[in-house]
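A.B. asks: Dropping a structure here in structure tokens format, bear with me for questions.
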Amino acid sequence: MDDGDAIDDVFSIQGLWKQSIHFTDPEAHESTLFAPLQLDISSVKFDHPYAPKHDLDHELRLPDLETFEFGPLPELDSFDVSHISLETPSLEPEDDIWQVAFDLGPANKDVLFYTWEGFEQAQHIEIQTAYVTERGPETFDAALAKDDSKIAAGRVVRGDVLLQSLWNLGLGRSSILFEFNAKLKSFEPTISDGRMSGVSLIAAQSLIAQFIHTGNTFLYLRSFAERTFASASSIPARVALATTTSSILTTLEEQLGRQSRSIASFIQLQQQFARPRGILLHISRMVDAMKHAKTNEQLASILHHRLLELEDGDEGIRRLSSQMLCAVAKPSLELLAEWIGTRKEQDTAPVASRDSFVTEETGQADDDKPEYIYRSEMMPRFISLEDGNTIFETGLSLRFLKTQHPGHPLAKLHEANVAPPSFEWAFEWQDIEAISAKAKAFEDRLRHTLLAYSRGSRVDAEIVRMPEDVLPLPREDRASDLGLYFEESIRQLDSLPQQPLQTLPDEMQLLMSDILSFGDLKSRGASNFSPPLSLTSSLSFRPLIMAQSKLVNAATLRLFFRSHQLRHHLTLQRQYHLLGDGVFSSLLATALFDPDRESAECHKGQMRSGVHMGLQLGSRSSWPPASSELRLALRGVLSESYYSSSMYQSLLSSGEKIQKDTTISGRDNDELPGQLNFAIRNLTELEQEKVMDPDALPALDFLRLQYVPPTPLNLVITTTALDKYDLIFKFLLRLLRMLFVVSHLPRQYPNIESRQFRMEAHHFVTMLANYVFQTGITGNWHEFDGFVATLERRVNEEDAAGEYGTRITAGIASLRDAHEKCLDSIMFSLFLRKRQRKILALVDEIFEHILLFAKMQQPGGKVSEGPQHVYDKLRAKVRVFLSVCRSLTGKKGYGKEKGTAEENSMERLVLGMEMNAYFAGA
């Protein structure tokens, strides 16, 4: 094979420069894609002076550089001679190109526009459109008129007249085409089948109906505002709602009025009224929802509920509703501020007299001591239950300060230079933080004032000062000053009213302008960093409520502990109503049951000594005793036990004023704290019948302890608490009688049943009394007393550290609740609750059997039943009682968590009853 025919190594680069053997010379073939250009220059005529005269090869040849010569250059003129002419050449008038274009008409007016079908097929015939609307409004109107037999064509109204009439209709105004029907309370078209050109009657009527609805809504809201302003019985919240509604309507009229001249089409008109229409419909629904509201609180609560429904709705509507809520809720918030003291209360119309969340009831014991009742249903719904209770208790404590300590800074807060803030709504976090900062600053100023007052400085003029215009005038200057006052008043009334702020837009108008100008506020970057609407009320009002509450509670507790001896009066209830004083219990039992005492009963021909006398219940047949017997028998029982008690001695050591006469007999007529004394209980007819039997268990149910808590201790020791004390004392008096009876039963009996009855009865009553006094009363009272001691200790620690309202935030409400909770626990342990009636009935039946047995041991006691029968009944009732107690050992509420184990109070009672197998097998 020749070397030329050898195939090179495909991976070698030595022959890479060689031309491929398959390559052919392009000049050997003619181009089939583009033919060579044949241009005959001589046959083409050019008018241009520089056009070629010969063929291109000749014209485009390069010059011969060897024979090429330049021609002579023309001589230039001398620079010394000026050839510039100063005369302006005359210009020929130019043609007006705009007028020429107008005369010529549109360019290419004869040129036809081709479609793809016409371009592909020259004979294609264009199909005319089937839509009449594309042929203009006149064609559409003609088509409607031609087809009037099938579809009502209506009458075409001038577009500008209809446009202006619809604009007026949207604003609730009558016009040439629309008038208001007072009977139907709606706008009606004067031309029922009128329409605009180029629109069907159905479409036109739909648009007109929309504007009629908008106009009716506008007129309805305007009428609501006018009726509210004209009515003398309109509540402040409704007036505020009408004011905001009127402001919104005015803003809508101004905004739409400025846009009226720029509206040129019905679609534009509909678009301009779209946003106002949504606002009007929303306000109309709110007004309808509040139609039946009777109080400020109800109206504000309904509006707040409507606002919560807009949580995820339109931003502009939500902000508008929020602003309306601020105005409508203002009267309710001002009432709350007056109650807690951050706003001056009206002297002529106190809060309790305005049919609000506080009502006043006159006490039965003292007509001058009103009692305030909290009506939670009258509190606005946007105030939480916890905040509502705090508001009421703060105002209650403040009323105590105003009546008992009128010179206290909190009692005359508006005479102090502390500037309490008002309640404000806030819907953004930055506004909420600003409210918290205001409340904190107010708390610091008021704390400084109270600390100065507690140090005995009586709040100097820098802290609390009366305004100069309210300082009391000297007596001789009052008459002349009164005359000047009347003269100044006459001049003010005769002068023209000053309205410097009338032309300034209010906040509602600014917000409405913002909403109408920008539409959706989210689109222009409105802040969405806000808390949920359901929390805004608490976040807005709680800082001020808690600031005022803490300081009022701190001041109130100090006065209760130090000026009104709260601990002393609570101890008094423990010692007497709960039989915590052993001396009192012994003297009372002796005066009521001891048969060895001289009888206080009046006998003919027998004079009573009046000293150490008793009622001898259980040893007499006549019952109930007369009032004179009660006075003789119970004389000195309370005074002797009180003046000999450690409670009274501690009161002496505290520096309290006492009577000079220190003998017991000299104090028989002294008035004890709270007018403590024995009294007769009001009984029903059935209860009176039971009291008539001296051997029956209810024989002493008529006797009660009377205690009237001095003002202001009635805020803690309430009427409800006194009723509970009375019920407990009634039970304890029965138990005290049973203890006396079983301890005085004979020890010798002729039969074994009687001996067993005495032992088991004595054991049952003793164990029950031990459970009642140790577990039921002492345990619960010790817990309450520890709570009171803790409060008092913290108050003292604050004074020692120079603080006020920092370590203690609880107030009178906490004391009252703890006190009543303690009494409820005692009643629960003593089976005195309503759901424990059956258990208490078993105890009463056991006591009845013991009294029956005691009657059998008296000389002349007539009992139809024998000892064995009475003993069997006792055993049966005790067996049932223990069975019930065992079943209660695992029940909720009968145990207490103390330490690391749960101790059930019922287990103590059952264990004591079954000790030494007294009731074995029961």
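The values are calculated or read from the model by the stated rules, or taken from the named source; none is laboratory data. These numbers come from a predicted model, not from an experiment. Using ideal geometry, Cβ is built from the backbone for each residue, glycine included, and neighbour counts are taken over all protein chains shown.
A.B. asks: Determine, yes or no, whether Thr251 is crowded, with 22+ Cβ neighbours inside 10 Å and either of a type in the set (Ser, Thr, Tyr) or within 26 Å of Glu297 (Cβ to Cβ) (or both). Reasoning before the result, please.
C.D. replies: Values: crowded, with 22+ Cβ neighbours inside 10 Å: yes; either of a type in the set (Ser, Thr, Tyr) or within 26 Å of Glu297 (Cβ to Cβ) (or both): yes.
In short, yes.
A.B. asks: Same structure, new question: With the checklist (1) crowded, with 22+ Cβ neighbours inside 10 Å; (2) in a helix (DSSP H, G or I) in hand, flag the one item Phe187 doesn't pass.
C.D. replies: Only one criterion is unmet by Phe187, namely (2).
A.B. asks: Scan segment 255-270 for residues that are assigned to a helix (DSSP H, G or I) and either buried (at least 17 other Cβ atoms within 10 Å of the Cβ) or under 36 Å from the mean Cα position of the chain (by Cα) (or both) and jot them down.
C.D. replies: Going through segment 255-270, the residues assigned to a helix (DSSP H, G or I) turn out to be 255-262, 266-270.
If the condition is that a residue be assigned to a helix (DSSP H, G or I) and either buried (at least 17 other Cβ atoms within 10 Å of the Cβ) or under 36 Å from the mean Cα position of the chain (by Cα) (or both), then Gln255, Leu256, Phe266, Leu269 are the ones that fit.
A.B. asks: Going by the structure shown, is Ile850 within 19 Å of Phe919 (Cα to Cα), surrounded by fewer than 16 Cβ atoms within 10 Å (Cβ to Cβ) and of a type in the set (A, V, I, L, M, F, W, C)?
C.D. replies: Details: within 19 Å of Phe919 (Cα to Cα): yes; surrounded by fewer than 16 Cβ atoms within 10 Å (Cβ to Cβ): no; of a type in the set (A, V, I, L, M, F, W, C): yes.
Criteria not met by Ile850.
A.B. asks: If you go through segment 155-174 one residue at a time, do you hit one that is part of a loop (DSSP other than H, G, I, E, B) and over 53 Å from the mean Cα position of the chain (by Cα)?
C.D. replies: Filtering segment 155-174 for residues part of a loop (DSSP other than H, G, I, E, B) gives 157-158, 171-174.
Still in the running and over 53 Å from the mean Cα position of the chain (by Cα): 157-158.
Yes, segment 155-174 contains at least one residue that is part of a loop (DSSP other than H, G, I, E, B) and over 53 Å from the mean Cα position of the chain (by Cα).
A.B. asks: Given the criterion over 20 Å from Ile235 (Cα atoms), within 15 Å of the chain's Cα centre (by Cα), modelled with pLDDT of 85 or more and not basic (Lys, Arg), identify the matching residue among Thr390, Thr342. Steps first, please.
C.D. replies: Details: Thr342 fails: within 15 Å of the chain's Cα centre (by Cα).
Sole residue among the options that is over 20 Å from Ile235 (Cα atoms), within 15 Å of the chain's Cα centre (by Cα), modelled with pLDDT of 85 or more and not basic (Lys, Arg): Thr390.
A.B. asks: Being touching a residue at least 60 places away in the same chain (Cβ under 8 Å) and touching a Ser or Thr at 6+ places or on another chain (Cβ under 7 Å) is the filter here, so list the residues in segment 238-251 that pass it.
C.D. replies: The answer is Arg238, Thr251.
A.B. asks: Next up: Could you check how many residues of segment 345-387 are of a type in the set (Val, Ile, Thr), loosely packed, with under 15 Cβ neighbours inside 10 Å and at pLDDT 85 or above?
C.D. replies: Here is the first cut: in segment 345-387, the ones of a type in the set (Val, Ile, Thr) are 348, 351, 358-359, 362, 373, 383.
Then keep just the ones that are loosely packed, with under 15 Cβ neighbours inside 10 Å; that gives 348, 362, 373.
In the following step, the residues that additionally are at pLDDT 85 or above were identified as 373.
Qualifying residue count for the region: 1.
A.B. asks: Might you let me know whether segment 864-871 holds any residue that is surrounded by 17 or more Cβ atoms within 10 Å (Cβ to Cβ), in contact with a Leu (Cβ under 8 Å, 6 or more places away or on another chain) and of a type in the set (Phe, Trp, Tyr)? Quick ask: steps written out before the conclusion?
C.D. replies: Start the filter on segment 864-871 by keeping residues that are surrounded by 17 or more Cβ atoms within 10 Å (Cβ to Cβ), which leaves 867, 870-871.
Of the ones still in play, those that are also in contact with a Leu (Cβ under 8 Å, 6 or more places away or on another chain) are 870.
Narrowing the set further to residues that are of a type in the set (Phe, Trp, Tyr) leaves none.
Scanning segment 864-871 turns up no residue that is surrounded by 17 or more Cβ atoms within 10 Å (Cβ to Cβ), in contact with a Leu (Cβ under 8 Å, 6 or more places away or on another chain) and of a type in the set (Phe, Trp, Tyr).
A.B. asks: Any chance segment 795-818 includes a residue that's of a type in the set (Phe, Trp, Tyr), over 16 Å from Asn553 (Cα atoms) and out of contact with any strand residue (DSSP E or B) (no Cβ under 6 Å at 6 or more places or on another chain)? Before the answer, list the steps.
C.D. replies: Initial filter on segment 795-818 (of a type in the set (Phe, Trp, Tyr)): 804.
This time we only want the ones that are over 16 Å from Asn553 (Cα atoms), so: none.
No, that holds for no residue.
A.B. asks: Please work out if Ala699 is in contact with a helix residue (DSSP H, G or I) (Cβ under 9 Å, 6 or more places away or on another chain) and either at pLDDT 90 or above or of a type in the set (Phe, Trp, Tyr) (or both).
C.D. replies: yes
A.B. asks: Taking the criterion of being within 30 Å of Pro710 (Cβ to Cβ) and of a type in the set (A, V, I, L, M, F, W, C), would at least one residue in segment 753-774 satisfy it? Walk me through it before giving the result.
C.D. replies: Looking only at segment 753-774, we keep the residues that are within 30 Å of Pro710 (Cβ to Cβ), and these are 772-773.
Next, from what is left, pick out any that are of a type in the set (A, V, I, L, M, F, W, C): 772-773.
For segment 753-774, residues within 30 Å of Pro710 (Cβ to Cβ) and of a type in the set (A, V, I, L, M, F, W, C): present.
A.B. asks: Is it the case that some residue within segment 773-787 is in the same structural domain as Phe847 (by TED's automatic domain parsing), β-branched (Val, Ile, Thr), part of a helix (DSSP H, G or I) and farther than 29 Å from Arg567 by Cα?
C.D. replies: Residues of segment 773-787 in the same structural domain as Phe847 (by TED's automatic domain parsing): 773-787.
Among the residues that remain, those that are also β-branched (Val, Ile, Thr) are: 775, 777-778.
Checking which are part of a helix (DSSP H, G or I) leaves us with 775, 777-778.
Cutting the leftovers down to farther than 29 Å from Arg567 by Cα gives us none.
No, segment 773-787 has no match at all.
A.B. asks: Tell me, please, whether a residue that is under 20 Å from Phe541 (Cβ atoms) and part of a helix (DSSP H, G or I) can be found in segment 279-296.
C.D. replies: Yes.
A.B. asks: Shifting gears a bit: Quick check on segment 393-429: of everything there that is within 17 Å of the chain's Cα centre (by Cα) and in a loop (DSSP other than H, G, I, E, B), which residue is nearest to Met379 (Cα to Cα)?
C.D. replies: Phe423
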